[in-house]
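What follows draws every value from the coordinates through simple rules; no lab data is involved. Here the structure is a predicted model, which means the values were calculated and not measured. No Cβ is skipped: glycine too gets one built from the backbone with ideal geometry, and neighbour counts run over all protein chains shown.
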């Protein structure tokens, strides 16, 4: 069952994943990890996270491509009648660069938004899960 | 020719002409004065042409032939001597000058006779002149020609017989007519078969030969009849003077050579640098007056001329001659052998051709080197761009990533000690703040090294990001959404970036406008503001930021312009070639 409190961290940087997991678990989230775009799609299918924290720079596909695939995956699942909830996971793009370095690409992607890595916190992610 | 031989030749010519006046008696009838004065004038002209030809063409027989005609023209004056020997020789020598003139005509313009047949014709000319003359003298009693007893005796006279003398004269005239016709036909044939320089050299001779030939025929025929005095004066007094046209031939050829020399100089000056070899050949051929001129270069299969014909410099065709050109390229000129009479002209042509080819080669070399430098400059800039992209990515993947992780770790550590150890908590919070500031600074540094947004989104996104960060109000009027080669995008980006930075720093402008237009074959970047203007356009050439930018645009093959009238804003334009 998809849990709003479950988060999939997609990042090829082990150190970041470890600390992000520690921080988010401490904030009460269930955390799964993926190191590549392909792994992310796989894990998202099995874990069904409520939110995917998606690094833009990945070794195989970039974050925008992974976001597109995750969205397409959710669409397919909905059409197949597996819709246990409306829509797929909330996708939050992240990077050590800031949003302006990606111009309009963030707003035109299926992601809900962008969070610079250094501003990551449980509270910041919760704002994406419960939009005003 | 040595000064001594020259002096000797001149002295001989002057002495012969002066001698004529010493021995020749002015005619009793004044209308024959023209003959009396015309003969030495014609002779002097030939003698002068002979000396000049000797000087001009030392290796040719033309000097000898001109001189021979001159001396033989004077020789009959011996009959004025009140002496039987002189009288006999003078009368016998009358037809010799005509034979030498035929020899000269057939040997023009090289001085050499062309075939055994022609040598036979010339031999026949001399043989007829001498033979018929001597034969006639055997029967000629000077009284037949109205000479009274005061005339010296004809030493050769064997038996005075008017009938025999008339018969010899008729036979001589008939032989002369035949030989004259043959000589004129041969000269016309020489002209028709000649090409290039030789044909031009032959052309005046044809006219002169026709005139002198006609005169000779008339004299031969009319000499057989007793003519009224006026007709006799015209045919035997005036007409022979047309032989003065012989030396004119020499003058024409000297003028031709001089003109060709001048034309060559002018042609080389007028020839545009780097003209193709075909054009060089045409120019030289025209200036030289040798339409057969060939310019040939050594290729893999031997020499080939500019028209693509194979040429063998070792064995030129008959009537052709070869001169090698100097310079890095192995090349030859193949020309009409008639030009060998003008070796200085050949040398001048070869030097001009060598110089023009060398000039073209050097120009092509410089052009090629310039292309290499241009290409290498573009590569250096591209390599620099690639290096900056790599540096930015390394910072992003390495130091920035580690600082982020450090920030997270510090955040976790702070939450662990929260409420337990306030002092430690404050310390960790301060460390976290430092780490975040370091991260911000590093991010700015990375962006300065290379804007990731340009790689990520191309010009549209990158210019948008620049505009958003600019303190001035900037309007983007046009920017293509398509992607371009990295070098072009980076160049256009740096133009906009530097221009907006200048607007913010110096222009005191309220607003600015950015436009990047995709035009056929190029990208036109323009940044304008409504500020103070007055930017010195010459700064493009000096070590300012603008000069660096101009270099950067030039390395992409483009041009940067600044238009900044004082008080009327500044417009920076860059035209960047774009496939």
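A few points about this structure:
- In terms of surrounding Cβ atoms within a 10 Å radius of their Cβ, B:495, B:206, B:168 rank from fewest to most as B:206, B:168, B:495.
- Note on B:459-465: average number of Cβ atoms from other chains within 10 Å of each residue's Cβ is 3.
- Over the protein assembly as shown, the alpha carbon radius of gyration divided by the compact-protein estimate 2.2 N^0.38 Å works out to 1.97.
- Theoretical FRET efficiency, 1/(1+(r/R0)^6), r = Cβ-Cβ of residue B:83 and residue B:324, R0 56 Å, to 0.05: 0.40
- Pairs of Cα atoms nearer than 8 Å and 6+ residues apart set the relative contact order; for region B:17-82 it is 39 percent.
- Extension gain (nm, one decimal) between residue B:6 and residue B:174, 0.36 nm per residue minus Cα-Cα: 56.4 nm
- Among beta bridges from DSSP that stay inside region B:454-532, the antiparallel ones total about 60%.
- Rounded Å value of the spacing that divides the Cα centres of region B:431-458 and region A:31-75: 25 Å
- Gaussian network model of chain A, springs between alpha carbon atoms under 10 Å - residue of A:63, A:122, A:37 with greatest fluctuation: A:122
- The ranking of B:445, B:348, A:58, B:74 by Cβ neighbour count inside 10 Å, starting from the fewest, reads B:445, B:348, A:58, B:74.
- Counting only the Cα atoms, chain B fills a convex hull of 259 Å³ per residue.
- Partner chain coverage, peptide B:408-416 - average Cβ within 10 angstrom: 4
- Mean separation of Cα contacts under 8 Å, 6 or more apart, over the residue count of chain A: relative contact order %: 24 percent
- Here chain B carries DSSP beta bridges of which approximately 90% are antiparallel, counting only pairs with both residues inside.
- A Förster distance of 22 Å, applied to the separation of the beta-carbon atoms of residue B:568 and residue B:475, puts the FRET efficiency at 0.75.
- Looking at the protein assembly as shown, the DSSP beta bridges with both ends there are about 60 percent antiparallel.
- Between region B:384-413 and region B:242-275, the alpha-carbon center distance in angstrom: 81 Å
- Using the Cβ-Cβ distance between residue B:148 and residue B:242 with R0 set to 30 Å, the FRET efficiency from 1/(1 + (r/R0)^6) comes to roughly 0.40.
- One chain, two ends: residue B:371 and residue B:185. Fully extended at 0.36 nm per residue, the span grows by 60.8 nm beyond their Cα-Cα distance.
- Ranking of B:207, B:165 by count of other Cβ atoms within 10 Å, fewest first: B:207, B:165
- Chain A, helix-only ellipticity at 222 nm - DSSP H runs n ≥ 4, -39,500 (n - 2.57), divided by all residues, nearest 500: -11500 deg cm²/dmol
- Chain B - mean residue ellipticity at 222 nm from DSSP helices (-39,500 (n - 2.57) per run, n ≥ 4, rounded to 500): -21000 deg cm²/dmol
- The simple spin-label model puts a point 7 Å past each Cα toward its Cβ; for residue B:272 and residue B:298 those points are separated by 3.2 nm.
- Overall form of chain A per C-alpha gyration tensor (a/c, 1.5; a/b vs b/c): rounded
- You can think of it this way: the chain between residue B:501 and residue B:218 has 91.8 nm of extra reach, that is 0.36 nm per residue less the Cα-Cα gap.
- Projecting label points 7 angstrom from Cα along Cα→Cβ for residue A:18 and residue A:36 puts them 2.2 nm apart.
- Residue B:138 versus residue B:397: modelled label distance in nm, points set 7 Å from Cα along the beta carbon direction: 12.1 nm
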